Each structure stands twice: as structure tokens, then as C-alpha cells.
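The values are calculated or read from the model by the stated rules, or taken from the named source; none is laboratory data. Nothing here was measured: the structure is a model prediction, and the numbers come from that model. So basically every Cβ, Gly included, is an ideal-geometry build from the backbone, and we count neighbours across all protein chains shown.
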């Protein structure tokens, strides 16, 4: 029997409507709406984890030849992954890393130690295979994809996904970074890339980013959505000195005051907040989180920028949190406070503050070890070992 790719199945895989057209003897699937306006009318909405097999999973883990709990965090990971995958035998299939790159108008305020053109230069480095995330993805066995979410300068090499929403956001020190409609379209485009990888069998995924001044966007998103004073959110980014950090804090404080929330007192709207302060890459990561959780993927959460996108995603769909493994605690000042917002215990603490998804790639071997011990370790019964401690 032929495996026919119907318009319905293709639309589900790619995340936007496709139609089957006929031209004589030829057929093709094409977008049924304009490329610029393919954002979804409804956001991906992950479900709460089904815990029906939790007792069986715990029994399998607890009856391996070891004292209960003696493998520490390594025991909680296969439990979480098994619940996500709805199986007592969790697997890691085609793990992927998507790096979203975009520029930020706020860079014009001198909040970064590096000029804006570095974003495009680093994207070229990714495409040439020479960046940290290239080396670490190769070492971890992850498929790496680079997405142009909105880089200001031309990218001199090929091999990336051209999903640009524009040549960088506007300067949110003076006006909102983007429109609400653009934020929604960014969410949709991030979801599209995740659904593509899901259609290829990926069940573990991480997200990285590149964008000069994106720690400023992340700090403002964190401050507004987590209700934390901006001083607790601002760090050195790419290497600001003390004077640079003070200037950055002052610029962001004024921006938050300029865009003070108005409304009925129910709290800031996540989409409006993303549109006001976010970046195109942060919008796409937000959609990527939503779609990954909807597709029952285990999500490796990287550092400060990636976690700021998760703040937006969980404000929209709280169940996304259940699908997340927090890879590491960044050395960027606000990240630990952000982890506390999620009551998260990161797997690693290596004083990283690079971004790119590097911490997520470093954490994948720990997930592999967690799956391996469940799959390969003998139980007390199969090994003929007594599971009763001496009286």
C-alpha cells in the first residue's frame, strides 16, 4: 500500500495550510494562503502530560539493580521522557538543534559590547561549521539547523532557512519592537520548523539563538512577565564593563517605563509584551516551544535568551513546562532568577554565557545516559540479585 502524503497530513506536518493543485499530468502541494500571512489562527496548544503509566515507569526505574534513588537526577529524566513519549521505554530519536538568528533595534542605544554586524558574521560562521554550537552539536550527535529570523545584514553563505520577518526589530527604547501581527507570525514560523523536524522523527529538540543586543530584549521580557525589577534581570551580555551594565540598565528602565502596561489589572498580555520588547528570534523560539510540546518532544532549554522565550510560551500555554529539561544555569545575571521562576533544577552549571544552544547540546549526553540505564540495566529479578536490605 502506498504511503500517500495528503494535503491534510502535509498541512499538519508543516504547520500551515497546503492545497493540492493540478497542472495537466502534474500535481503539487502549495501554501493555500500568502507566504507573508501564513500565521496560524490558533496557537499550538500542548496538553498536560498523561500520567497513566507513571506507576509502571517508577516501578521499572526503582527495580533496577541499585538502591532506590541512588542515580539521582538520572532517574527523574527517563520518568519525564517516558511520560512525554507515553511509553515505558523512552528513546532518543534524531535529536535536533535549531538556532534562530535576528537583529535588534535596541542595539542602537549602545547596550552591547559588539556592533550589530556581528550577528550576520556569526551566522556565516554557523553555516561554515566553525562556531561552538557546530562543534558541540557534532559531539552530541544533533542535527543542526540555522534560521534567519530577521538578520539586518546580508548573509553571505547558503544553507540556512530563510524565514526573515525583516531586517531586525525596531528600537523599543522609542517604539514597540514589532507589531502584534508580526509577533504572531514569528510564533507560527518557529512552529513550522519544529513540525518539519517532527515529521522526520525528531523527539528531542533544543533551541539556540544569535542576535546582538538580545539580552536586552530578554531582560525586559523577564522583568515584565515575571514581575521582577529590571536591575535583577540585566547582566553583562557579550562582555559589558560596569559602566556599560549601568548604561544598559538605565536604557531598559526607561524603555519599560515608556511601555508601561495598561489594562484591567489582570497582568501583561504575553503577545503584546513579546511584540513590545522581543526579537524575531525570540518570537520564533516561542512558537518552537509550543509546537515541540504539542508534538510530545522532550525540550532541552538553553540559557538566558532561550529561557526568556519559554517565559512567553508558558504564559500562553502553562503545560509547556512539563516537556522541558533545563540544561544549565547560565552565568548571565538574570538566568538564575528566571530558573527560580520555573522552580527549575538545571542539569549543568558550567558558567556558560554564550548562547547559541551550547548548554542544551552539552546536556544531551546526560539524556542518552538516562535512557540507556533504563533500557540496558538489569532488574533485581532478571539479575537474580536480592532487592531486600539486611535486617
Considering every residue within the range 144-154, establish whether at least one is buried (at least 21 other Cβ atoms within 10 Å of the Cβ), closer than 13 Å to residue 275 by Cα and either assigned by TED's automatic domain parsing to the domain that holds residue 320 or within 18 Å of the chain's Cα centre (by Cα) (or both).
-> no
Could you give every pair whose Cβ atoms fall below 6 Å, whose first residue belongs to the range 157-173 and is in the same structural domain as residue 288 (by TED's automatic domain parsing) and more than 25 Å from residue 129 (Cα to Cα), and whose second residue is at pLDDT 95 or above and in a loop (DSSP other than H, G, I, E, B), counting only separations of at least 6 or pairs across chains?
-> 169/104; 169/177; 169/178; 169/279; 170/177
Which residue pairs have Cβ atoms closer than 6 Å, lie 6 or more positions apart in sequence or on different chains, and pair a first residue in the range 281-305 that is at negative phi and surrounded by fewer than 24 Cβ atoms within 10 Å (Cβ to Cβ) with a second residue that is at pLDDT below 95 and not in a helix (DSSP H, G or I)?
-> 294/44; 294/46
In the range 192-223, what residues are farther than 27 Å from residue 337 by Cα and assigned to a helix (DSSP H, G or I)?
-> 192, 193, 194, 195, 196, 197, 198, 199
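Results for (1) closer than 19 Å to residue 193 by Cβ; (2) out of contact with any helix residue (DSSP H, G or I) (no Cβ under 6 Å at 6 or more places or on another chain), shown as yes or no for each residue.
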{"position": "130", "(1), (2)": "no, yes"}
{"position": "133", "(1), (2)": "yes, no"}
{"position": "137", "(1), (2)": "yes, no"}
{"position": "146", "(1), (2)": "yes, no"}
{"position": "151", "(1), (2)": "yes, no"}
{"position": "169", "(1), (2)": "no, no"}
{"position": "176", "(1), (2)": "no, no"}
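Please state which one of 211, 235, 186 is touching a residue at least 40 places away in the same chain (Cβ under 8 Å), closer than 15 Å to residue 332 by Cα and surrounded by 17 or more Cβ atoms within 10 Å (Cβ to Cβ).
The unique qualifying residue is 235.
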Output the residue which, of all residues in the range 372-387 that are out of contact with any helix residue (DSSP H, G or I) (no Cβ under 6 Å at 6 or more places or on another chain) and assigned to a helix (DSSP H, G or I), is modelled with the lowest pLDDT.
-> 383
Criterion (in a loop (DSSP other than H, G, I, E, B), over 18 Å from the mean Cα position of the chain (by Cα) and crowded, with 17+ Cβ neighbours inside 10 Å) met by exactly one of 168, 159, 130 | 168
Listing of helices (runs of 4 or more DSSP H) fully contained in the range 1-96 that carry 3 or more residues being in contact with a helix residue (DSSP H, G or I) (Cβ under 8 Å, 6 or more places away or on another chain) and at pLDDT 95 or above | 54-62, 73-85
